[in-house]
Amino acid sequence: MSQVFMDCPDTGKPVYVGLSMEWDQLESLEMGSVDREVSECPHCGKTHRFGKKDLFLRADGGG
């Protein structure tokens with residue numbers, strides 16, 4: 001499984017959004033019309049809203 005990230009809009013650094021999935025799962029993800037939130041960004045301390053278009057995967061290093 002890969003971890004799902006978005007970029008912090010203030011710092012540009014990656015923020016884990018609390019999801020793990022494979023690429024095909026992300027491609028077929030239905031988030032509805034409401035964006036989700038990262039409760040507190042570890043880089044800037046703000047709450048960020050994100051939609052599917054903001055997400056990307058990063059391998060967790062597991063085998």
**Prompt:** Over region 2-59, what relative contact order in percent results from Cα pairs under 8 Å that are six or more residues apart?
**Reply:** 42
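To the nearest 500 deg cm²/dmol, what mean residue ellipticity at 222 nm is calculated for the chain from DSSP H runs of n ≥ 4 alone, each contributing -39,500 (n - 2.57), summed and divided by the residues?
-1500 deg cm²/dmol
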**Item:** Structure-derived volume of the Cα convex hull per residue in Å³: which label, when the choices are (1) 105; (2) 79; (3) 58
**Value:** (2)
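Where a number appears in this text, it was derived from the coordinates with a stated rule and is not lab data. These figures come from a predicted structure and were not determined experimentally.
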